[in-house]
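Step one of this worksheet: look at the structure below.
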Amino acid sequence: MGEGSESVLFLDCAEAPGWDVEGSGAAPVLLNADEVIASLERRVPPEARPATATVRLRVTREGAADRACISQGSGHIEFDRAVLLVALMLRFRPARLEGEPRTVLVEVPISLSR
């Protein structure tokens, strides 16, 4: 995982402990949205759609998401669980501060229509 840490998931951000980050700067840029949505579509049954959940992620210096929690649930527990499972697949161009990659927190809304 880049920084010697294991992946951690929380269905509710209120249950998540503080996560170490290195400040803010240029935001990370999502690189593989299509791949993640395709994986989510395979995991979410039709009765849990349409839905949107917002996931809070810690994005490492390498651009990998290594921590995730649901900051705003969809109202469909199956959808929220699937979002958590695919959240760690997200890959980013890392955030930068003064030209150097940084570990940051981001919130990403993830949606599926019917």
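The values are calculated or read from the model by the stated rules, or taken from the named source; none is laboratory data. These numbers come from a predicted model, not from an experiment. Cβ placement follows ideal geometry from the backbone for every residue including glycine, while neighbour counts extend to all protein chains displayed.
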Worksheet, complete the sentence: Here the residues within the range 91-114 that are of a type in the set (Asp, Glu) and assigned to a strand (DSSP E or B) are Glu100, Glu107
Worksheet, complete the sentence: Wholly inside the range 1-90, strands (runs of 3 or more DSSP E) that include 3 or more residues that are crowded, with 21+ Cβ neighbours inside 10 Å and modelled with pLDDT of 85 or more are 51-59, 65-72
